[in-house]
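See structure below.
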Amino acid sequence: MNYSIIGFGPIGQALARAFARKHIDISVATTRDPESFASVAAAIGPTIFPMTLAEAVEADIIFLAVRFKSHQDVAKALSTWQGKTIIDVTNTRVPPEELGGKPSSTVVAQAFTGARLVKGFNHLGAGVLAKDPAVHGGRRVVFLASDDDDAATEVATLAEKLGFSPIQLGELSEGGLLVQARGNRWGRLIFKDLVNFDG
């Protein structure tokens, strides 16, 4: 199993730090030349590998950490995303009517033909997400939502490997609405920094 992060702003870098803490290899990419962010990746750790977008999309599990409106540009990198798991870390306050009344994660899922999509790791601000998830003997919570139970379980396993405590919220149109905005209203779990002390 290999991993990549597409988008290397504050959230992408926070995710990279989570992998670096556990010494897990991960590639990072943007639409720019990898040399332009190689020094930032090196400063995070030796398991963070700058790559081109074309290389990064070959990973099995891909964190989508770009601006919401850029997701369609990333989706064009492959004609089919069959067999891949996309973790949608995007946030947007685009009005629901502009999204056809659908949750933003559903719109993202439709762009990545064939992929299994999990909404996750997006409810925490970059500064919190970048911190060690081990907190006073507990583990920082990350919420996950997906219409694919197997994909949600796969990402939950990865979250645990990274030291987080995953909580599955159900489908994108149900629990997923708790971790994304609907126009000017944030989901009720957005920015809630919770710690699980149950083992």
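The values are calculated or read from the model by the stated rules, or taken from the named source; none is laboratory data. Because the structure is a prediction, the values reported are computed rather than measured. For neighbour counting, all protein chains shown are included, and Cβ atoms are generated from backbone atoms with ideal geometry for every residue, glycine included.
Across region 173-198, what is the number of residues that are on the phi > 0 side of the Ramachandran plot and in contact with a Gly (Cβ under 9 Å, 6 or more places away or on another chain)?
Going through region 173-198 one residue at a time, the tally reaches 1.
For the subset of region 167-199 comprising residues that are more than 19 Å from the chain's Cα centre (by Cα) and part of a loop (DSSP other than H, G, I, E, B), which member is modelled with the lowest pLDDT?
Only one residue fits best here, namely GLY199.
With region 24-91 as the region, which strands (runs of 3 or more DSSP E) entirely inside it contain at least 2 residues that are under 19 Å from ALA126 (Cα atoms) and at pLDDT 95 or above?
26-29, 61-64, 85-88
Might you let me know whether region 136-149 holds any residue that is over 14 Å from the mean Cα position of the chain (by Cα), part of a helix (DSSP H, G or I) and over 16 Å from ASP88 (Cα atoms)?
No; the residues of region 136-149 include none that is over 14 Å from the mean Cα position of the chain (by Cα), part of a helix (DSSP H, G or I) and over 16 Å from ASP88 (Cα atoms).
(1) touching a residue at least 12 places away in the same chain (Cβ under 8 Å); (2) closer than 25 Å to ASN2 by Cα: which one isn't true of ASP149, the others all being true?
All conditions pass for ASP149, except number (1).
Is there a residue being under 22 Å from PRO133 (Cα atoms) and in contact with a Pro (Cβ under 7 Å, 6 or more places away or on another chain) anywhere in region 11-27?
no
Going through GLN13, GLN72 one at a time, which residue ends up being in contact with a helix residue (DSSP H, G or I) (Cβ under 9 Å, 6 or more places away or on another chain), surrounded by 17 or more Cβ atoms within 10 Å (Cβ to Cβ) and at negative phi?
On inspection, the qualifying residue turns out to be GLN13.
Scan region 22-51 and report the pairs whose first residue is in contact (Cβ under 8 Å) with a residue 60 or more places away in the chain and surrounded by fewer than 19 Cβ atoms within 10 Å (Cβ to Cβ) and whose second residue is part of a loop (DSSP other than H, G, I, E, B) and of a type in the set (A, V, I, L, M), with Cβ atoms within less than 9 Å and a gap of 6+ or a chain change.
LYS22/LEU162; ILE24/LEU162
Confirm whether THR113 is assigned to a loop (DSSP other than H, G, I, E, B), of a type in the set (S, T, N, Q) and surrounded by 20 or more Cβ atoms within 10 Å (Cβ to Cβ).
no
Out of curiosity, is ALA152 under 13 Å from the mean Cα position of the chain (by Cα), among the small types (Gly, Ala, Ser) and part of a helix (DSSP H, G or I)?
Yes; evaluated as a whole, the condition is true for this residue.
Filter region 52-78 for residues that are over 17 Å from the mean Cα position of the chain (by Cα) and touching a residue at least 12 places away in the same chain (Cβ under 8 Å) and give the result.
Correct list: THR52, ALA54, GLU55, ALA77, LEU78.
Which of the following residues is among the polar types (S, T, N, Q) and over 25 Å from ARG185 (Cα atoms): SER70, SER105, SER39?
One residue alone meets the criteria, SER39.
Identify the single condition in (1) at pLDDT below 95; (2) hydroxyl-bearing (Ser, Thr, Tyr); (3) buried (at least 19 other Cβ atoms within 10 Å of the Cβ) that SER146 does not satisfy, given that it satisfies every other one.
All conditions pass for SER146, except number (1).
Determine whether GLY101 is part of a loop (DSSP other than H, G, I, E, B) and either of a type outside the set (A, V, I, L, M, F, W, C) or closer than 24 Å to ILE24 by Cα (or both).
Yes; evaluated as a whole, the condition is true for this residue.
Give the residue, chosen from VAL108, VAL128, that is assigned to a helix (DSSP H, G or I), among the hydrophobic types (A, V, I, L, M, F, W, C) and surrounded by fewer than 19 Cβ atoms within 10 Å (Cβ to Cβ).
VAL128
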